[in-house]
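Trainee: The structure follows.
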Amino acid sequence: MLPNDTPITPELVAEHGLKADEYERILKLIGRAPTLTELGIFSAMWNEHCSYKSSKVHLRGLPTKAPWVIQGPGENAGVIDIGDGLACVFKMESHNHPSYIEPYQGAATGVGGILRDVFTMGARPVACLNALSFGAPGHPKTRHLVGGVVAGIGGYGNSFGVPTVAGSVRFHARYDGNCLVNAMAVGLAHKDQIFYAAASGVGMPIVYLGSKTGRDGIHGASMASAEFGEDSEEKRPTVQVGDPFSEKLLLEACLEIMAKGCVIAIQDMGAAGLTSSATEMGAKGDLGVTLDLDKVPCREEGMTAYEMMLSESQERMLMVLKPEKEKEAEAIFRKWGLDFAIVGETTPTKRFIVKHGGQVMADLPIKELGSQAPEYKRPFVSAAKLPVIEAEDVTAPKGTAEALEILLATPDLCSKRWVWEQYDHVIGGNTVQRPGGDAAVVRVEEGPKALALTTDVTPRYCEADPFEGGKQAVAECWRNITAVGATPLAITDNLNFGNPERPEIMGQFVGCVRGIAEACKALDFPVVSGNVSLYNETNGKAILPTPSIGGVGLIADFTRSASIAFKREGEAILLVGETTGWLGQSMYLRDICGREDGAPPPVDLTEERENGDFVRALILDGTATAAHDLSDGGLLVALAEMAIASGIGATLTAAPTDIPEHAFWFGEDQARYLVTVPAAKADAVIARARETGVLAAHVGVTGGDALLIEGERPLPVARLRHQFEHWLPAYMAGEL
């Protein structure tokens, strides 16, 4: 390891991910050349992952306020009021680069990090979700990544003891060199007992809590802010190693000392470890911080100040404690078998001073470390609008029945049971609706109140039209929450894109963010937390733009929630929303016709709101017995999923004559739902829809053991289930 007085060369600056002009900015800020430790601190704080230097100018346009929002972006997690004195705390973050290099530990520590973000706020985690994007199934690394990532998520979440209740999995060649692992955690807290990161008071002890510091994860945040090249395997040492059992102890110890009134401020040691946690606590409190690294518990001999400040070892926290509570807090942490060490104090100087071995290794202005980070208004170009594909211009290469069977067995549309059965999705006993539906439903304490949780995005829409794709990601999240009968309340986002220094990539980012903002405003669905992950590309090849949306909704009585499964025979199946047969960017066009082109379906946010409110009312008043939103694959795929979930078939009405049959069954028009109602109520429901300006039409009746479509061979539900369930287990077993 280089000594702290190493001369800072242009090569060393570049190795730390800093541009020449950014280094000049550092020189002007501190009035001298930095020490090696200081260069490492600036590298950590000014990289894309921590500073949001390319994105924050655009993120300011997102709506973040509502009467129910307690804490929006800027803290460890967002917080919303869910009534009865309770708050829901949640956030989503990425661990993309580490998961590509070391899939098990990369994914596991992604889960660990997001759980800490939630319980740092004083909340007990009650659910985890994820959104996973992998390369083409035929790519030589894909199966290895899927297996490792899923095992890592399950290994950490299951051991920690939180249910993983929902998520999404997709495959596309554009993720061949960069898988995406977005992890979301949700917790519950008393709304008058939320804990924040801002330190207060001078001379207050700063306490290191949790596991010991090692050399794992050094430069992890910097690595997450760089493209991959041929040397990606050499970055394996920057991947952290997690211990879920230590994190469980850390959770219980933190919640106990919070309950005892010991804590002034608290910050998770996540990206950039001690550096970011200490500087953020001081800067938010308008205070200085002095750290004595000789007192930091280390698990390796001879660690330097540079290594300790940049280590991203897991299961660690930094707290500012009330001085009179030191002994009580230490006793609690010792009881749980965790390290407890006073490593510094708050000062009035607004300086960040790091000491080691009796020497000052860093002396920097604490607020400027964050506030003076570069902020770029990068040039961007908007993609040209793609032509609308008319349904009449797309010839159906296969019959409707055959096309359905093929689609159900495609990597994106097939059942993800193989994935979620490796997660403990019922631990805690509050999971009301398990994975496989539109949204998970998790009871709040003893009920009857429950949370509805989901993650969504359609990257191919975002690529074709970033603005509409951003709108659609939020709208589909809103629909999925609505389809279980819940009221959507707020979102967290994880914005995954390529290199922002390329104007076309920056154009994707700006378009998606503007679309997200418009949809959130129209649907009263504010953004309360999130994460930006840029530079997701390898050798100049970017991922599809993937702004993952994690949504939270609330239902007053979980016993009134709806699921996708048909409930009984002889019920009417109603289609809510307008169908035009939109085939541009559809799964049918891609996987049946072999084309990835055309404009994606437009999103009418007024229609989304009206149709969703109508469907939610049907669910809550007990009229709708099952509900399912329509998205990938369109109407017939949704019908098949409802039949497979229940084992009950359906007889379907013929497609209308003014829409080509394949477009009617597989088009991906937005703002649509399927609901089942007792046959005797069908006409009244359609009339009720008409009165509220909502389109609703009768498309079939439940019954039998097959889907029956006029002019097509019967489709036995058992055969559809085999098609749906078979692909992923067979692929992971190496049989395909």
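The values are calculated or read from the model by the stated rules, or taken from the named source; none is laboratory data. Just so it is clear, the model here is predicted, and its values are computed rather than measured. Every residue, glycine among them, receives a Cβ derived from its backbone with ideal geometry; neighbour counts consider all protein chains shown. Note: areas computed on protein heavy atoms with side chains; ligands, DNA, RNA excluded. Shrake-Rupley method; radii C 1.70, N 1.55, O 1.52, S 1.80 Å.
Trainee: Is one or more of the residues making up the stretch 35-43 outside any loop (DSSP other than H, G, I, E, B), open to solvent by 50 Å² or more (accessible area, probe 1.4 Å) and modelled with pLDDT under 95?
Mentor: no
Trainee: I would also like to ask the following. With Ala663, Ala689 as the choices, which residue is surrounded by 15 or more Cβ atoms within 10 Å (Cβ to Cβ), touching a residue at least 40 places away in the same chain (Cβ under 8 Å) and more than 18 Å from Met587 (Cβ to Cβ)?
Mentor: Ala689
Trainee: Going by the conditions given, is Ile8 assigned to a loop (DSSP other than H, G, I, E, B), open to solvent by 10 Å² or more (accessible area, probe 1.4 Å) and of a type in the set (Val, Ile, Thr)?
Mentor: When the stated conditions are applied, Ile8 passes them.
Trainee: Could I ask something else about it? For Ile80, indicate whether it is part of a strand (DSSP E or B) and in contact (Cβ under 8 Å) with a residue 12 or more places away in the chain.
Mentor: Values: part of a strand (DSSP E or B): yes; in contact (Cβ under 8 Å) with a residue 12 or more places away in the chain: yes.
Judged against the criteria, Ile80 is a match.
Trainee: Consider Leu495 carefully, then state whether it is open to solvent by less than 10 Å² (accessible area, probe 1.4 Å), of a type outside the set (Gly, Ala, Ser) and in contact (Cβ under 8 Å) with a residue 60 or more places away in the chain.
Mentor: Against the criterion (open to solvent by less than 10 Å² (accessible area, probe 1.4 Å), of a type outside the set (Gly, Ala, Ser) and in contact (Cβ under 8 Å) with a residue 60 or more places away in the chain), Leu495 qualifies.
Trainee: Within the stretch 538-552, restricting attention to residues that are modelled with pLDDT of 95 or more and either more than 10 Å from the chain's Cα centre (by Cα) or of a type in the set (A, V, I, L, M, F, W, C) (or both), which residue is surrounded by the fewest Cβ atoms within 10 Å (Cβ to Cβ)?
Mentor: We begin by selecting, within the stretch 538-552, every residue modelled with pLDDT of 95 or more; these are 542-552.
Checking which are either more than 10 Å from the chain's Cα centre (by Cα) or of a type in the set (A, V, I, L, M, F, W, C) (or both) leaves us with 542-546, 549, 552.
Details: Ala542: 22, Ile543: 26, Leu544: 25, Pro545: 28, Thr546: 30, Ile549: 32, Val552: 29.
Looking at the filtered set, the residue picked out is Ala542.
Trainee: Given the residues Gly242, Gly261, which is the only one that is within 25 Å of the chain's Cα centre (by Cα), closer than 23 Å to Val118 by Cβ and either among the acidic types (Asp, Glu) or in a loop (DSSP other than H, G, I, E, B) (or both)?
Mentor: That would be Gly242, the only listed residue that is within 25 Å of the chain's Cα centre (by Cα), closer than 23 Å to Val118 by Cβ and either among the acidic types (Asp, Glu) or in a loop (DSSP other than H, G, I, E, B) (or both).
Trainee: Residues of the stretch 51-68 being open to solvent by 30 Å² or more (accessible area, probe 1.4 Å) and either in a loop (DSSP other than H, G, I, E, B) or among the hydrophobic types (A, V, I, L, M, F, W, C) (or both), which ones?
Mentor: Residues satisfying the conditions are Tyr52, Val57, Leu59, Arg60, Gly61, Thr64, Lys65, Pro67, Trp68.
Trainee: While we're here: When the residues of the stretch 714-736 are narrowed to those that are among the charged types (D, E, K, R) and open to solvent by 70 Å² or more (accessible area, probe 1.4 Å), which ends up nearest to Ser646 (Cα to Cα)?
Mentor: Only one residue fits best here, namely Arg721.
Trainee: Just to be sure, is Arg514 touching a strand residue (DSSP E or B) at 6+ places or on another chain (Cβ under 6 Å) and not in a loop (DSSP other than H, G, I, E, B)?
Mentor: no
Trainee: Additional query: Scan Leu674, Leu707 and give me the residue that is over 23 Å from Glu476 (Cβ atoms), part of a strand (DSSP E or B) and open to solvent by less than 10 Å² (accessible area, probe 1.4 Å).
Mentor: Matching residue, one of Leu674, Leu707: Leu707.
Trainee: Return the total of residues in the stretch 413-448 being part of a loop (DSSP other than H, G, I, E, B), touching an Asp or Glu at 6+ places or on another chain (Cβ under 7 Å) and surrounded by fewer than 19 Cβ atoms within 10 Å (Cβ to Cβ).
Mentor: Going through the stretch 413-448, the residues part of a loop (DSSP other than H, G, I, E, B) turn out to be 413-416, 421-430, 434-439, 444-448.
Still in the list and also touching an Asp or Glu at 6+ places or on another chain (Cβ under 7 Å): 413, 415, 438, 448.
Retained after the next criterion (residues that are surrounded by fewer than 19 Cβ atoms within 10 Å (Cβ to Cβ)): 448.
Within the stretch 413-448, residues that are part of a loop (DSSP other than H, G, I, E, B), touching an Asp or Glu at 6+ places or on another chain (Cβ under 7 Å) and surrounded by fewer than 19 Cβ atoms within 10 Å (Cβ to Cβ) number 1.
Trainee: Now for a separate question. State whether one or more residues within the stretch 573-586 are in contact with a Gly (Cβ under 9 Å, 6 or more places away or on another chain), aliphatic (A, V, I, L, M) and more than 20 Å from Gly633 (Cβ to Cβ).
Mentor: Scanning the stretch 573-586, I find no residue that is in contact with a Gly (Cβ under 9 Å, 6 or more places away or on another chain), aliphatic (A, V, I, L, M) and more than 20 Å from Gly633 (Cβ to Cβ), so the answer is no.
Trainee: Between a first residue in the stretch 542-569 that is touching a residue at least 40 places away in the same chain (Cβ under 8 Å) and a second residue that is open to solvent by 40 Å² or more (accessible area, probe 1.4 Å) and among the β-branched types (Val, Ile, Thr), which pairs have beta carbons less than 8 Å apart while being 6 or more apart in sequence or on different chains?
Mentor: Gly553/Thr487; Leu554/Thr487; Ile555/Thr487; Phe558/Val432; Ser561/Val432
Trainee: Could you identify the single residue in Gly110, Gly155, Gly147 that is in a helix (DSSP H, G or I) and under 15 Å from Lys416 (Cβ atoms)?
Mentor: Matching residue, one of Gly110, Gly155, Gly147: Gly147.
Trainee: Identify, by number, the condition in (1) of a type in the set (A, V, I, L, M, F, W, C); (2) more than 29 Å from Pro411 (Cβ to Cβ); (3) not in a loop (DSSP other than H, G, I, E, B) that Ile644 doesn't meet.
Mentor: For Ile644, the failing item is (2).
Trainee: If Glu301 satisfies all but one of (1) in contact with a Ser or Thr (Cβ under 7 Å, 6 or more places away or on another chain); (2) under 26 Å from Pro34 (Cα atoms), what's the number of the condition it fails?
Mentor: (1)
Trainee: Separate question: With respect to Gly581, determine if the residue is on the phi > 0 side of the Ramachandran plot and either modelled with pLDDT under 95 or open to solvent by 10 Å² or more (accessible area, probe 1.4 Å) (or both).
Mentor: Numbers: on the phi > 0 side of the Ramachandran plot: yes; either modelled with pLDDT under 95 or open to solvent by 10 Å² or more (accessible area, probe 1.4 Å) (or both): no.
No: the conditions fail for Gly581.
Trainee: Go through the stretch 478-511 and give me each residue that's of a type in the set (A, V, I, L, M) and part of a helix (DSSP H, G or I).
Mentor: Residues satisfying the conditions are Ile481, Ile505, Met506, Val510.
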